[in-house]
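To start, the structure itself, in structure tokens.
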Amino acid sequence: MTIIRICDSRDVPNEVYKISDALGEGEKWWEAVELQKLILAHNEIELLKEDLRNLTQLTVLNLSNNKLQDLPSAVGE
């Protein structure tokens, strides 16, 4: 299981949205582990990108205690 926890941030790093593209040399795409949990709680995040839909295996998304006004339509798909 792959879990990413982001702390003390105003933005979600672009690498999170493209985690499946981040394979190293010699790694096989079918052996890559998809992100399942993304913990973004207790930051100052104001915006999430629609690229969130690229995280197809995501089952837990913790956004509590941020500065979000809206969620992208990808949340809940």
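Identify the residue in the range 33-47 that is surrounded by 18 or more Cβ atoms within 10 Å (Cβ to Cβ) and over 9 Å from the mean Cα position of the chain (by Cα) and, among all such residues, is nearest to residue 70 (Cα to Cα).
Ranking the qualifying residues of the range 33-47, first place goes to 45.
Collect the residues in the range 44-77 that are of a type in the set (S, T, N, Q) and in contact with a Phe, Trp or Tyr (Cβ under 9 Å, 6 or more places away or on another chain), keeping them in residue-number order.
Going through the range 44-77, the residues of a type in the set (S, T, N, Q) turn out to be 54, 56-57, 59, 62, 64-66, 69, 73.
Scanning the range 44-77 gives a single hit, 54.
I'm checking my understanding of the structure. Among residues of the range 1-57 that are part of a strand (DSSP E or B) and not hydrophobic (A, V, I, L, M, F, W, C), which one is modelled with the lowest pLDDT?
The first filter runs over the range 1-57 and keeps only residues part of a strand (DSSP E or B), leaving 2-5, 35-39.
With not hydrophobic (A, V, I, L, M, F, W, C) added as a condition, the list becomes 2, 5, 36-37.
Numbers: 2: 58, 5: 72, 36: 86, 37: 88.
Checking each candidate, the answer is 2.
The values are calculated or read from the model by the stated rules, or taken from the named source; none is laboratory data. Computed from a prediction, not measured in an experiment: that's the story for all the values here. Counting neighbours? That spans all protein chains shown, and the Cβs are built from the backbone with ideal geometry, glycine included.
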